[in-house]
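> Below you will find the structure I want to go over with you.
The values are calculated or read from the model by the stated rules, or taken from the named source; none is laboratory data. Not measured: the values here are computed from a predicted model. Every residue, glycine as well, gets a Cβ built from its backbone with ideal geometry; the counts of neighbours run over all protein chains shown.
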Amino acid sequence: MMIGTTATAITFVALAISITAYFLYYRHKDSSLLRLARISIYSASGLIVFQSILLMWGILTHRFEWVYVFSYSSSDLPLYYLISTFWAGQEGTFLLWLLLGSAYGWFIIRRNEEDEPLVMSFMNLVQAYIVMILIKRNPFSYVWEINPGGFAAGQIPMDGNGLNPLLQDPWMTIHPPVLFVGYSSTMIIFAFAMAALVKRNYDSWIKNAYPYALFVGLSLGAGIILGGYWAYTTLGWGGYWAWDPVENSSLIPWLLSLALIHGLIIQKRRGGLKKTNLFIALSIFVLVLYGSFLTRSGVLMDFSVHSFGTSELHLYLAAFVVFFLVLGALFFLFRRREIQGEKVQSALFSRESFMLYGMMSLLLLAFLTLVGTSSPLITGFFGEASNVSIDYYNRLAGPLAIVMAFLIALSPVLNWKRNSQEKLKGLIWHSVLSLVSGLIVFILGMRDIMPLIITVLSFFVIFVNGEIVWRMVRRKLYGFGGYLAHVGVGLMLIGIITSSVYDQSAKILLPMDTETAVLGYNLSYGGKQPSADGKDRVKLAVEGKTTFAKYYWSDYSRAYMVGPAVQNKLIHDLYIAPIQIIPAEQNMPESDQVILKKNEPQTFEEYRINFSGYDMDHLAMSEEHMHIAALIEISTTERSEIIRPALVIRGNQSEAIPARWTDSERDVFIAGISVEDDAIALGITKSNSGFDPRRGKELLAVEVTVKPLINILWLGTVILVMGFGFAIYQQSNSRRKTVS
């Protein structure tokens with residue numbers, strides 16, 4: 001569309017003029033230059049708002065001739081999902097970044113007159129680069145120009161491709177915008193740090209930058225939490241954090257923002273860490289860009305379930321990272337010799353020392369996570385690209401969690417500048433309560449040493465920081481936001497340990513209308529229920545109470561989409577995730593069911609059964625059907641046999657082809673397949689019963705998980721966000737009092 005693409009081009013020109021005018025004003029202090037800079041940035045912001053409204057209008061009115069609208073929306077989507085398609089693709093998220101950046105610019109012009117010229121110069125530089133990307137890949141291009149579906153010039157599609165079913169969730173209407181508020185706000189900290197380096201002003205910049213650092217911590221943290229809750233309630237794998245590269249790309253800058261917040265406090269109180277804080281402030285933004293490159297360029301397409309596909313923008317995104325990395329590094333290296341700060345560690349048992357150790361722990365965790373996330377790129381330079389396992393992250397996170405919990409518990413009670421061992425004597429009762437709490441959880445079954453230590457220290461964090469919050473509230477002092485956030489961290493650590501280390505899980509087959517006992521609950525499957533929107537559900541009963549889980553075929557994904565039924569109890573969640581529906585068979589003889597994960601043998605009667613993978617020699621695919629054969633090894637101490645039961649899939653229907661288990665004269669058939677879990681469900685007919693896959697009851701394969709005390713995790717996340725909110729309010733209130 002000419003209007004949209006023209007507006008994008010003019011936006012770039014306006015930003016370029018604003019950058020030049022702001023920088024010249026900084027050098028020459030000519031008020032006419034400042035006026036020109038502001039007119040230009042207001043014009044650019046107006047054009048960005050116009051483009052955002054235009055794109056939203058195109059989405060809501062189904063302008064499928066626009067490539068973006070065609071690619072991510074369809075006429076059958078309800079209003080709230082249509083709105084969320086605005087940020088479903090790369091062009092939309094970049095436009096959202098520009099819109100947020102315009103709001104930040106307006107705010108800075110209103111609040112930071114002294115820092116405005118240089119800060120706005122660097123922020124506009126970021127905005128201009130994003131606009132340049134949108135000139136290359138414009139959301140208002142016509143489908144016949146990009147040609148995603150082979151359209152002739154002027155041919156308007158009847159409908160769009162639709163929205164990814166995984167994004168059709170209420171939480172995904174909230175999570176991406178909140179996360180992008182955090183991503184985009186990191187450029188404010190970058191701009192303040194760059195302005196400080198240009199002006200050689202290494203002290204006063206922290207006064208204005210500190211509230212924005214808190215804002216980054218709040219928005220990124222809230223975005224991560226919302227994303228974790230979406231994964232838990234939508235994806236069906238039973239967890240909320242998988243150390244996926246896309247997840248890590250938001251975690252790494254958040255960890256650095258936490259380190260920066262504490263570093264700025266130390267610099268304000270002790271005059272130290274000047275170089276460190278500038279370095280971290282620059283790094284946060286560069287790492288956001290690096291994360292965007294990893295997840296949007298397609299380089300991690302084989303290693304992340306959330307990554308965008310291959311993109312023609314990968315060179316632009318790589319240049320985006322390199323440009324601002326080099327820009328920040330050059331200024332920092334040229335100025336580093338003249339940046340002189342005070343020595344921080346004046347005493348071992350002082351608050352600044354413990355805060356410094358905490359910063360080092362956060363930075364170490366961020367660095368090791370960055371190495372793990374980048375492993376496909378690193379290993380790709382030396383051979384075949386590969387990714388680290390989840391164990392890599394879990395093993396490094398445990399010890400660092402112990403260190404950080406210990407520091408978070410003790411640092412709030414220590415004095416600045418001097419040793420304060422005597423202060424530790426006041427923590428005797430907190431220590432006793434923590435140990436008693438640890439003894440209770442030990443009696444309840446927590447016997448592993450590392451989870452037990454983390455849990456005890458988490459109680460210590462809660463008791464110490466909770467008492468400080470209580471005392472400050474009673475004295476009507478409202479600077480307790482940081483301590484409240486620490487309480488949230490303590491609760492989160494307890495919830496993470498109990499819900500992930502001590503969860504219980506079982507894979508079972510539920511026959512239609514037959515009650516089955518699993519993990520202390522009686523479950524039954526009541527069949528599949530069609531839905532008007534095509535998103536069918538399966539009916540489940542838990543102790544006689546009805547609940548539903550998602551299970552429907554998606555033409556968009558060419559696969560079955562599943563979503564869990566989550567029953568929230570007082571002390572745990574009951575999590576039921578569908579795996580597969582085995583079609584109804586009439587009068588099928590009784591059979592035993594075995595669920596096998598790849599290369600994890602199970603014992604059946606006196607036999608050992610192992611699923612080693614799929615027989616690629618017997619894999620056949622055509623437009624009409626897919627033929628899949630599994631390699632099943634059945635063995636005893638004396639003999640071994642390999643059989644190949646198969647499954648023929650036609651559209652959303654499947655037919656089992658049994659394999660004869662000669663040693664027992666029984667038939668083995670594939671009852672279900674879970675590609676995500678790399679698992680297979682086998683049916684083994686009873687002795688001498690024969691096999692007829694067209695007879696019997698319909699079965700639902702599910703994974704049932706009990707997540708103990710997961711509500712503590714969610715409570716902790718809410719308190720953490722509240723802590724950030726109170727800290728920002730206190731900073732804003734202090735600023736108003738200073739101005740007045």
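> Yes or no: segment 565-577 includes at least one residue that is over 27 Å from residue 705 (Cβ atoms), part of a loop (DSSP other than H, G, I, E, B) and either modelled with pLDDT of 85 or more or not aliphatic (A, V, I, L, M) (or both).
Scanning segment 565-577 turns up no residue that is over 27 Å from residue 705 (Cβ atoms), part of a loop (DSSP other than H, G, I, E, B) and either modelled with pLDDT of 85 or more or not aliphatic (A, V, I, L, M) (or both).
> Still on this structure, please answer the following. Do the conditions hold for residue 592, that is, is it surrounded by 12 or more Cβ atoms within 10 Å (Cβ to Cβ), out of contact with any Pro (no Cβ under 9 Å at 6 or more places or on another chain), part of a strand (DSSP E or B) and in contact (Cβ under 8 Å) with a residue 24 or more places away in the chain? So that I can check it myself, show each step before the final result.
Details: surrounded by 12 or more Cβ atoms within 10 Å (Cβ to Cβ): yes; out of contact with any Pro (no Cβ under 9 Å at 6 or more places or on another chain): yes; part of a strand (DSSP E or B): yes; in contact (Cβ under 8 Å) with a residue 24 or more places away in the chain: yes.
When the stated conditions are applied, residue 592 passes them.
> Still on this structure, I have one more. Taking residue 415 and the conditions (1) part of a helix (DSSP H, G or I); (2) in contact (Cβ under 8 Å) with a residue 60 or more places away in the chain, which numbered condition does it fall short on, given that it satisfies the others?
Every condition holds for residue 415 apart from (1).
> Take the residues in segment 236-279 that are of a type in the set (Val, Ile, Thr) and modelled with pLDDT of 90 or more; name whichever of them is nearest to residue 708 (Cα to Cα). Let's see the steps before the verdict.
First, pick out the residues of segment 236-279 that are of a type in the set (Val, Ile, Thr): 246, 252, 261, 265-266, 276.
With modelled with pLDDT of 90 or more added as a condition, the list becomes 252, 261, 265-266, 276.
Numbers: 252: 28, 261: 33, 265: 37, 266: 38, 276: 40 Å.
In this case the residue turns out to be 252.
> Has segment 456-467 got any residue that is surrounded by 23 or more Cβ atoms within 10 Å (Cβ to Cβ), aliphatic (A, V, I, L, M), over 26 Å from residue 229 (Cα atoms) and out of contact with any Lys or Arg (no Cβ under 6 Å at 6 or more places or on another chain)?
Yes.
> Which of the following residues is outside any loop (DSSP other than H, G, I, E, B), touching a Ser or Thr at 6+ places or on another chain (Cβ under 6 Å) and under 30 Å from residue 194 (Cβ atoms): 126, 131, 119? Talk me through it step by step, then tell me what you get.
Details: 126 fails: touching a Ser or Thr at 6+ places or on another chain (Cβ under 6 Å); 119 fails: touching a Ser or Thr at 6+ places or on another chain (Cβ under 6 Å).
None of the other options fit; the residue is 131.
> Given the options 354, 331, 323, 349, name the one that is in a helix (DSSP H, G or I) and more than 26 Å from residue 285 (Cβ to Cβ).
Values: 331 fails: more than 26 Å from residue 285 (Cβ to Cβ); 323 fails: more than 26 Å from residue 285 (Cβ to Cβ); 349 fails: in a helix (DSSP H, G or I).
Residue meeting the stated conditions: 354.
> Of the residues 231, 222, which is farther than 16 Å from residue 260 by Cβ, without any contact (Cβ under 8 Å) to a residue 40 or more places away in the chain and in a helix (DSSP H, G or I)? Give the derivation first.
Working: 222 fails: without any contact (Cβ under 8 Å) to a residue 40 or more places away in the chain.
Selected residue: 231, the only one of 231, 222 that is farther than 16 Å from residue 260 by Cβ, without any contact (Cβ under 8 Å) to a residue 40 or more places away in the chain and in a helix (DSSP H, G or I).
> Being closer than 18 Å to residue 728 by Cβ and touching a Ser or Thr at 6+ places or on another chain (Cβ under 8 Å), is that true of even one residue in segment 225-235?
yes
> Pairs please, first residue from segment 21-35 and touching a residue at least 40 places away in the same chain (Cβ under 8 Å) and surrounded by 10 or more Cβ atoms within 10 Å (Cβ to Cβ), second anywhere and among the aromatic types (Phe, Trp, Tyr) and in a helix (DSSP H, G or I), Cβ atoms under 8 Å, 6+ apart in sequence or on different chains.
34/22; 34/25
> A follow-up question, please. Tally the residues that are outside any loop (DSSP other than H, G, I, E, B), in contact (Cβ under 8 Å) with a residue 40 or more places away in the chain and closer than 19 Å to residue 177 by Cα, restricting the search to segment 59-80. Before you say what the answer is, go through the steps one by one.
Going through segment 59-80, the residues outside any loop (DSSP other than H, G, I, E, B) turn out to be 59-60, 66-72, 79-80.
If we keep only those that are in contact (Cβ under 8 Å) with a residue 40 or more places away in the chain as well, we get 66-72, 80.
Applying the additional criterion that residues be closer than 19 Å to residue 177 by Cα yields 68-69, 72, 80.
The total comes to 4.
> Residue by residue through segment 235-246, note down the ones that are assigned to a helix (DSSP H, G or I) and crowded, with 22+ Cβ neighbours inside 10 Å.
Step one: list which residues in segment 235-246 are assigned to a helix (DSSP H, G or I), which gives 245-246.
Answer for segment 235-246, where residues must be assigned to a helix (DSSP H, G or I) and crowded, with 22+ Cβ neighbours inside 10 Å: just 245.
> Specify which of the listed residues (414, 365, 427, 439) is farther than 29 Å from residue 279 by Cβ and surrounded by 16 or more Cβ atoms within 10 Å (Cβ to Cβ).
Working: 414 fails: farther than 29 Å from residue 279 by Cβ; 365 fails: farther than 29 Å from residue 279 by Cβ; 439 fails: surrounded by 16 or more Cβ atoms within 10 Å (Cβ to Cβ).
After applying the criteria, what remains is 427.
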